Amino acid sequence: MKLPADLQRALDTTTTAKADAKGAGRAIGLLDLTSLNDDDTDQTVEALCKRAVTPAGKVAAVCVWPRFVKTARKALKGSGVKIATVVNFPSGEADAAVVAAEAKAAIKDGATEIDVVLPYRAFIDGARTQPMNVIRACREACGTDVTMKVILESGCFPDPELLAWAARDAIAAGADFLKTSTGKVQPAATLEAAALLLHVIHESGKPVGFKAAGGIRDADGAAAYLALATAIQGKGWAKPDTFRFGASGLLDSLLATAGHGGGKGDGKGGGAVAQPAAAGY
């Protein structure tokens with residue numbers, strides 16, 4: 001993805017970022033610990049939730065399929081960890097009524113954050129009204145108390161101008177966060193797409209966050225995204241209410257860098273949830 005010169009300069013300053021213990025600990029608090037495997041069970045979700053409160057602090061949220069929201073709510077009770085789920089996922093092809101119903105059901109079960117896939121194929125093909133109707137319907141279902149993250153599937157966009165257009169439209173439709181990817185399509189998260197989306201957020205002047213998801217598996221990779229956010233948005237901008245990582249395998253690397261070993265939890269299902277290729281994250 002070819003970026004404008006000013007964004008490329010910001011990107012060039014961050015690609016060599018290296019993680020340290022303090023930065024890794026900070027990144028843990030920005031993590032949406034995720035398992036979206038096709039073969040997830042209540043047991044693997046419970047194991048995932050056990051890992052959400054770490055020796056270096058708690059993650060921001062746990063993200064699971066809608067059918068496991070109740071399981072996560074029970075497992076995370078009293079932890080302060082938020083519960084995220086996905087709707088219109090991963091294809092982005094459901095209509096507005098279906099997406100709204102999915103979101104309402106998940107919220108009723110206990111979800112506090114909804115990650116909704118933009119109908120990106122339709123948008124790329126030239127549709128504008130239908131994709132935004134889906135996002136607006138999800139926004140209405142979420143109300144004012146539930147965070148809505150719009151997944152753009154940035155790797156499918158043929159040029160940065162079209163991706164920026166989709167990002168601006170998503171913000172206008174009520175997005176609380178712009179998210180790069182489902183993780184089910186390659187390329188997933190890239191620093192180039194992140195730079196563009198962070199720039200769109202900055203230009204909007206609205207309190208919209210950014211979530212990088214898909215293929216971020218080590219502490220140095222996380223450090224590069226945080227350095228980029230600082231370069232574009234300013235020091236201290238990246239906090240749990242404005243910045244997230246969506247990942248399954250990243251936690252182990254962050255814990256190790258923060259000085260807390262590999263973070264394998266109690267061993268019951270930990271390996272099953274930390275499979276980035278299978279999970280798509």
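Taking amide H positions as modeled 1.01 Å from N, with prolines and chain starts lacking one, the residues under 5 Å from residue 211 and 5 or more places away or on another chain are 178, 179, 180, 244. Loop-located trypsin sites (Lys or Arg not before Pro) in region 9-55 (DSSP state not H, G, I, E or B) with no more than 13 neighbouring Cβ atoms inside 10 Å: 18.
For region 233-238, 3J(HN,Hα) computed residue by residue from phi via the Karplus equation (6.51, -1.76, 1.60; θ = phi - 60°) reads 9, x, 4, x, 5, 6 Hz, glycine and proline entered as x.
Accessible surface for residue 1 stands near 90 Å², nearest 10, in the context of the full protein assembly shown (1.4 Å probe). To the nearest 20 Debye, how big is the dipole of the chain about its Cα centre, given +1 on the beta carbon of each Lys and Arg and -1 on that of each Asp and Glu? Computed about the Cα centre, the dipole is about 800 debye. In order along region 107-116, the phi-based Karplus estimate (6.51 cos²θ - 1.76 cosθ + 1.60, θ = phi - 60°) of 3J(HN,Hα) comes to 5, 4, 6, x, 5, 10, 9, 10, 9, 10 Hz; Gly and Pro are listed as x. The charge dipole of region 94-135, taken about its Cα centre with unit charges on the Cβ atoms of Lys, Arg (+1), Asp and Glu (-1) only, comes to about 120 debye. Within a straight-line Cα-Cα reach of under 12 Å, residue 184 can be paired with the following aspartates and glutamates, leaving aside sequence neighbours fewer than 8 residues apart in one chain: 38, 153.
Simple point charges give the picture: +1 on the Cβ of Lys and Arg, -1 on the Cβ of Asp and Glu, and for region 80-175 a dipole about the Cα centre of about 220 debye. Bridgeable aspartates and glutamates around residue 82 (alpha carbons under 16 Å apart, same-chain partners fewer than 8 residues away excluded): 32, 46, 109, 113, 115, 145, 176, 241.
Tell me the mean residue ellipticity at 222 nm calculated for the chain from its helices only (DSSP H runs of n ≥ 4, each -39500 (n - 2.57), averaged over every residue, nearest 500). Numbers along the way, then the final one.
On the way: 13 runs with 123 residues, N = 281.
When only DSSP H runs of four or more count, the value is -12500 deg cm²/dmol.
For mean projected area of the Cα convex hull in nm², computed directly from the structure shown, the correct entry in [x] 12.8; [y] 13.5; [z] 21.3 is [x].
With an 8 Å cut-off on Cα pairs and a minimum separation of 6 or more residues, tell me the relative contact order of region 1-153 in percent.
Working: 224 pairs, mean separation 26.6, N = 153.
Computed value for region 1-153: 17 percent relative contact order.
For residue 89, the solvent-accessible surface with a 1.4 Å probe is about 30 Å², rounded to the nearest 10.
The values are calculated or read from the model by the stated rules, or taken from the named source; none is laboratory data. Keep in mind that this is a model prediction, so the values were computed, not measured. As a convention, Cβ positions derive from the backbone with ideal geometry for all residues, glycine included, and neighbour counts pool all protein chains shown. Quick note on the areas: whole protein, heavy atoms, side chains included, nothing else; ligands and nucleic acids left out. Shrake-Rupley method; radii C 1.70, N 1.55, O 1.52, S 1.80 Å.
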